[in-house]
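What follows is a single structure, written as structure tokens, with notes after it.
The values are calculated or read from the model by the stated rules, or taken from the named source; none is laboratory data. These numbers come from a predicted model, not from an experiment. Methodologically, a virtual Cβ is constructed for each residue, glycine included, from the backbone with ideal geometry; neighbour enumeration extends over all protein chains shown.
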Amino acid sequence: MSLDIHSEPVPFAPHGDIRNAVLRRMNEGHRKRRLLAIDGEEKYLEFIQFVAEDLNFEVHALTHSSEFAAEYQDFDPDVLLIDIMMPECDGVEIARWLSGCDTPKKIIFMSGLRSDFSQFSRALTDPDGIHTIHSFRKPINLGPFRELLSS
């Protein structure tokens, strides 16, 4: 690495400020991971947003499925969190729509129903490139949910 002797001198800054400046520079060009969550219940979206932002995600949360397609295309999420049962349309309909898209690496389904997600998950497996599909029952257990988002 060569030094540019004609560059402006770096002003004195306490140790913590230098560290933060270095970290900011290292992260330039690297965007936060993005999570798009859709659930008809705002209290779950608030919980999800709180947890995901704590893990350095940029989060967009929707309560209306009618907004999903446009938000999905504009936001370009890395992780999707979809409630299976919603008033306007359900997670199955959203999953069908997603089958025609370039989907994110991680898809998480959640539901308050006491049903088995394995059959639903198998139906969404893309033969050309298996997407990681996970499921949670409401109320979501914080520990496993944080671990999944962190991985």
| field | Cβ-Cβ under 9 Å pairs, at least 6 apart or on other chains, segment 132-151 side in contact (Cβ under 8 Å) with a residue 40 or more places away in the chain and within 18 Å of Glu53 (Cβ to Cβ), far side surrounded by 11 or more Cβ atoms within 10 Å (Cβ to Cβ) and hydroxyl-bearing (Ser, Thr, Tyr) | value | Ile140/Tyr44
| query | Do you know which residues across segment 88-107 are in contact with a strand residue (DSSP E or B) (Cβ under 6 Å, 6 or more places away or on another chain) and buried (at least 21 other Cβ atoms within 10 Å of the Cβ)? | reply | Gly91, Ile94, Ile107
| field | segment 71-87, residues that are closer than 17 Å to Gly40 by Cα and exposed (fewer than 13 other Cβ atoms within 10 Å of the Cβ) | value | Pro87
| With segment 45-151 as the region, which helices (runs of 4 or more DSSP H) entirely inside it contain at least 3 residues that are within 16 Å of Arg34 (Cα to Cα) and either at pLDDT 90 or above or out of contact with any Ser or Thr (no Cβ under 8 Å at 6 or more places or on another chain) (or both)? | 68-75, 142-150
| query | Identify, please: which residue in segment 90-108 is acidic (Asp, Glu) and more than 16 Å from the chain's Cα centre (by Cα) and is, among those, farthest from Ala61 (Cα to Cα)? | reply | Glu93
